[in-house]
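Student: To start, I am sharing the structure in question, which I have written as structure tokens.
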Amino acid sequence: MTFLLALVPYLMDHGHVTVADAARHFGVDEEQIRESVRLIAVSGVPGETSSYQHEDLFDIDWDLFEENDEIVITHLVAIDDSPRFSAREAAALIAGLQYLSSLPEQADRDVLGSLMSKLALGSTGRPAEVAVGSSSVDTALARIRDSVAAGHRIEFDYLNSRGESEKRTVDPLRIQSLDQDWYLRGWDHLRQAVRTFRLDRMSNLTTTDEPISHHAAEVPLSESLFESSATDLEVVVELADDAIGMIADYLTTDAPVPGRNGRSRVTLHVAHDHGLKRLIAGLSGVVTVISPDTARTRVADWAQAALDRYAEQTDR
């Protein structure tokens, strides 16, 4: 059964195949191919009459098969009736594949290109022409991609969330995105550990001639984008149960504590107060800081300062 399920799509894709070619492709003898083709020709799906009629069965060009040892399927059953992507669905998937092909670790771009072509041909209509728009980090992405291919370290000035700039030398390991932001995960030679860097905070990015000393296959990377450390702040927040996934990268291993009205309290790991304020600002009205009191105060003061500044601007 597994062999037949593979053979039928193969014959459909190629249209006209010799028995010898099919045998070489699947690594079986020619007689097994002939027996399988004969079995396909008596396979199908019963129609409305619940009995097999001629149009309910696969069919082949018997003259070609018997006289020339060639296989051509002339009638398909059920497979042609399978759901197909709409033109809009295919366009959305093609855009996603274009996005993936821009990632440095996606080295086999020929496979992605082939898949995009198949999506275009297999949709119910012609997909709209789509392209992933360029951004301010495209140059950095291209340079990091080149350094990954060459196996060289990169150097850049990095502006952290405190507004401080430091020179970093990094072995690039992985590029990832979260919402609208791109991040580099790499071995930071200054910190001697894996660190995550936002690409739009990098400047003066260059590829060095120094070979990397840490490779992606050798350095364990967690599925979480943000790595926790012993110096992280632990903050308890409250939010709706269905919104917990929005802060999954910051969660500790502690289980959520159920509360009232479909809300729960969870413990987060954040590197510093600036990171907490940025996180809460992005989830305004969704997350409430519960403890510690110092975190509540700093977030409240930061929000009040923003309101005061807004009021000053509107009074002018």
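Student: For region 275-316, count all C-alpha to C-alpha pairs, find those more than 11 Å apart, and express that count as a whole percent of the total.
Tutor: Of all Cα-Cα distances in region 275-316, 67 percent exceed 11 Å.
Student: How much accessible surface area, in Å² rounded to 10, belongs to the heavy atoms of Asp181 with a 1.4 Å probe?
Tutor: Surface open to solvent at Asp181 totals about 40 Å².
Student: Now for a different question. Find how much the distance from Trp62 to His25 grows on full extension, using 0.36 nm per residue of separation minus their present alpha carbon separation; answer in nm with one decimal.
Tutor: That pair, Trp62 and His25, stretches by 11.1 nm at full extension.
Student: With all protein chains present, how much of the accessible area of region 170-210 (probe radius 1.4 Å) comes from carbon and sulfur, to the nearest whole percent?
Tutor: Carbon-and-sulfur percentage of accessible area, whole number: 37.
Student: Using 7 Å Cα-to-Cβ label points, what is the Thr314/Ile290 separation (nm, one decimal)?
Tutor: Going from the Thr314 label point to the Ile290 one covers 3.3 nm.
Student: May I pose another question? Once both labels are modelled 7 Å past Cα along the beta-carbon direction, what's the Phe3-Ala95 spacing in nm?
Tutor: About 4.5 nm separates the two model spin labels.
Student: Take Glu234 and His75, extend 7 Å from each Cα along the Cα→Cβ direction, and tell me the distance between the two endpoints in nm.
Tutor: It works out to 7.1 nm between the two label points.
The values are calculated or read from the model by the stated rules, or taken from the named source; none is laboratory data. Worth saying up front: this structure is predicted, and the values here are computed from it rather than measured. No Cβ is skipped: glycine too gets one built from the backbone with ideal geometry, and neighbour counts run over all protein chains shown. All accessible areas refer to the heavy atoms of the entire protein, side chains included, with ligands and DNA or RNA removed. Shrake-Rupley method; radii C 1.70, N 1.55, O 1.52, S 1.80 Å.
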